[in-house]
Amino acid sequence: MSGKIILAIASVDFQPIEYSIPKKVLIENGFEVITVSDKSGNAYATDESLVLVDKKLDEIDIKEYDGIFLIGGPGAPEHLDNPKMRSLLVEAKERGIPYGAICISPRILAKAGVLQGKKATGWDNDRELKDLFFAHGVDYVQNEVVVDGNIVTASGPRVAKEFGEAIVQVFQKK
């Protein structure tokens with residue numbers, strides 16, 4: 001397999017397990033992983049580890065990539081839920097490019113309108129996901145990982161490996 005996959009992380013407070021494990025799975029399966037964030041330089045994980053950002057969100061032309069996946073963590077809503085990300089997700093959907101999110105980030109996909117009429121999951125410890133999904137026309141499924149067509153969503157760090165593997169499987173079906 002091959003392809004250029006975006007893993008989008010918040011510049012502050014992204015979830016390191018949700019980033020590092022899927023990245024490893026993707027690289028092991030021949031993908032090139034591009035780390036994208038709202039700011040250039042280093043991004044800071046919840047465990048205070050650092051990741052070097054390859055590209056800023058504003059520099060991304062989705063036509064140059066084969067997939068885009070959002071990583072969760074408490075910083076995701078503040079740093080990734082913005083007009084640029086929404087436009088990238090809408091364009092990915094229009095172009096048929098695989099996309100998805102893990103943990104709290106499926107909420108960003110729902111708000112962008114790219115999960116409407118689709119099955120999806122995500123982090124729901126605050127018990128607000130079902131209502132948010134309902135408001136955006138998303139069919140909430142209480143599974144750890146949900147694949148609907150070329151969309152992959154997952155509930156959190158416990159299933160980071162399965163999230164990465166599901167992304168690989170989506171590309172194998174293409």
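Here, each number is a calculation from the coordinates, and none is a lab measurement. None of these values were measured; they are calculated from a predicted model. Positions of Cβ are backbone-derived with ideal geometry, glycine not excepted, and every protein chain shown enters the neighbour counts.
I'd like the distance separating the alpha-carbon centroids of the range 17-60 and the range 144-174, in whole Å.
Here the answer is 17 Å between Cα centres.
Quick one: the Cα spread of the range 90-174 along its three principal axes, in angstroms, biggest first?
Per principal axis, max minus min of the Cα coordinates gives 34, 29, 15 Å.
Out of all DSSP beta bridges with both ends in the range 4-173, state the antiparallel percent to the nearest 5.
Working: 7 of 30 bridges.
Once the DSSP bridges in the range 4-173 are tallied, antiparallel ones form about 25 percent.
When the dipole is taken about the Cα centre of the range 4-173, and only Lys, Arg (+1) and Asp, Glu (-1) are charged at their Cβ, what size is it in debye, to the nearest 20?
Details: 20 positive and 26 negative charges, 72 e Å.
Using Cβ point charges on Lys, Arg, Asp and Glu, the range 4-173 gives about 340 debye.
Could you pull out every one of the lysines with an alpha carbon less than 17 Å from that of Lys39, ignoring same-chain neighbours closer than 8 positions?
Lys55, Lys56, Lys84
Among 9-15, 29-35, what's the highest-first ranking by average C-beta atoms within 10 angstrom per residue?
Values: 9-15: 24.6, 29-35: 16.9.
Answer by packing, highest mean first, reads 9-15, 29-35.
If you wrap a convex hull around the C-alpha atoms of the chain and split its volume per residue, what is the figure in Å³?
Dividing the Cα hull volume of the chain by its residues yields 95 Å³.
Which order, highest average first, do 145-157, 79-91 follow once you tally other Cβ atoms within 10 Å for each residue and take the mean per peptide? Present the calculation step by step, with values, prior to reporting the outcome.
Numbers: 145-157: 22.5, 79-91: 18.2.
Per-residue mean Cβ counts within 10 Å order the peptides as 145-157, 79-91.
Pull up all non-local amide H partners of Val12: gap of 5 or more, or a different chain, and H-to-H distance under 5 Å with H placed in the peptide plane.
So Val12 has HN proximity to Tyr44.
Show the residues, 5+ positions off or on another chain, whose built amide H is closer than 5 Å to the amide H of Gly73.
Gln15, Ile104, Ser105
For the charge dipole of the chain, defined by +1 on Lys and Arg C-beta atoms and -1 on Asp and Glu C-beta atoms about the Cα centroid, which residue among Ser155, Tyr99, Ala8 has the Cα displaced farthest towards the positive pole?
So the residue we want is Tyr99.
Taking the beta-carbon count within 10 Å as an exposure proxy, list Glu144, Glu18 from fewest neighbours to most. Intermediate values should be presented prior to the final figure.
Numbers: Glu144 15, Glu18 33.
Neighbour counts put them in this order, fewest first: Glu144, Glu18.
So what's the back-of-envelope 222 nm ellipticity for the chain, counting only DSSP H runs of four-plus at -39500 (n - 2.57) apiece and dividing by all residues, rounded to 500? Spell out each step's value before the answer.
On the way: 6 runs with 59 residues, N = 174.
Taking each H run of at least 4 residues, the total per residue is -10000 deg cm²/dmol.
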